[in-house]
Amino acid sequence: MTSEGFLKTGTLILKKDPGKSSSYEIFTEKQIAEAFEVFDEDRKGKAKLKHLGTIVRAVGRVPTLQDLEDLASKVEDEEYPGYFRLPKLLPYLTEILMKDDWKSSTEEGMIRAFRILDADRNGVLENAFLRKLFTEQGDNFSSEEMEKFLNTFSNPSGNINYKELCADLVASQMFDIAESRRKIREKLVDDRYRMC
């Protein structure tokens, strides 16, 4: 932050609200800006809406599909549909972070939830059971999403060790986009590759 009341990160400079004095809030906004910058591909101050979820997750939050759709409808750029700009995202995402909304479950909480499903109490769930559960209950996975999930997390015997899965799924309680920038860029490259 400069002395004139501007937040500067990389190539983005945003005018700061003079009423904001919390150093945590300033830090939070800077982290959001740095995450946004990774997806501002042409450096014109806009990012594609399809990257909104990745940016939200990069700052340690785990929104539902409905949460993302609601946020997208609030921040979508009127001039460039399918895109959003940081100044419009910043107040919404900062408020979510400051209120501590959309937090990830703890690893222990997720393990307890999976343990309820583990009739044999062996720490492993069968792929067929998970396929049925995830495609027929709650926010249903598509067949393609389910296959990708199973291919990513299944062990050699074709089952999922849910303790290992939970360790991979839990979002960090503390975020620092500067340290996570490489992972975000890898995700961007993966997204571009899948579009080819």
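The values are calculated or read from the model by the stated rules, or taken from the named source; none is laboratory data. Keep in mind that what you see is a predicted model, and the values were worked out from it rather than measured. Positions of Cβ are backbone-derived with ideal geometry, glycine not excepted, and every protein chain shown enters the neighbour counts. Side chains included, ligands, DNA and RNA excluded: accessible areas come from the protein's heavy atoms. Shrake-Rupley method; radii C 1.70, N 1.55, O 1.52, S 1.80 Å.
General remarks:
- Cβ-derived FRET efficiency at R0 25 Å, Asp100 paired with Gln137, nearest 0.05: 0.40
- 3J(HN,Hα) couplings calculated from phi for the stretch 71-88 with the Karplus curve 6.51 cos²θ - 1.76 cosθ + 1.60 (θ = phi - 60°) are, in sequence order, 5, 4, 5, 7, 9, 4, 6, 5, 6, 10, x, x, 10, 9, 10, 4, x, 7 Hz; Gly and Pro show x.
- Members of Lys44/Lys103; Lys88/Lys148; Lys99/Lys132; Lys50/Lys88; Lys74/Lys132; Lys46/Lys103 lying beyond 24 Å, as alpha-carbon distances in this model show: Lys44/Lys103; Lys88/Lys148; Lys99/Lys132; Lys74/Lys132; Lys46/Lys103
- Area of Leu117 that stays accessible when all protein chains are in place (1.4 Å probe, Å², to 10): 60
- Difference of contour (0.36 nm per residue) and Cα-Cα distance, Tyr80 to Ala119: 8.9 nm
- Arg112-Ala128 pseudo-label distance in nm [points 7 Å out on the Cα-to-Cβ vector]: 3.2
- Taken along the Cα-to-beta-carbon direction at a fixed 7 Å, the label points for Leu68 and Ser157 span 3.3 nm.
- For the stretch 21-115, radius of gyration divided by Kirkwood radius, i.e. Rg to Rh on alpha-carbons: 1.02
- Solvent exposure of Thr152, expressed as accessible area, is near 90 Å², computed with a probe of 1.4 Å over the protein chains only.
- Relative contact order (percent, whole number), the stretch 83-176, Cα cutoff 8 Å, 6+ residue spacing: 34
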